[in-house]
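This report refers to the structure that appears directly beneath it.
Taken together, the values in this text are just the output of simple stated rules run on the coordinates, not laboratory data. As the structure is a computational prediction, the values presented were derived from the model and not from experiment.
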């Protein structure tokens with residue numbers, strides 16, 4: 001799942017990657033998701049920094065695509081807000 005958002009003159013791309021991890025307790029494979037965030041200044045083909053891979057607060061993968069997507073989106077907005085604050089000083 002990939003989404004692109006425009007925010008304050010930046011293009012934020014959030015991709016959700018999945019893999020299946022084996023759960024030893026249940027003896028089954030369960031999906032795990034991470035968000036990959038790329039931020040570019042609109043009209044500039046070069047990313048502001050390397051793509052970020054995000055998991056949940058405990059450093060583990062997310063259990064749903066939606067959680068990974070929304071966390072990636074929220075993180076991207078916070079990064080852009082921080083970049084804008086630094087540029088205005």
### Message
If you fit an axis through the alpha-carbon atoms of helix 65-87 and take the longest principal axis of the Cα set of the chain, what angle between them do you get, 0 to 90°, nearest 10?
### Response
30
### Task
Starting from the Cα gyration tensor of the chain, take the square roots of the eigenvalues, sort them a ≥ b ≥ c, and report rounded, prolate or oblate (rounded when a/c is under 1.5, otherwise prolate if a/b is larger than b/c, else oblate).
prolate
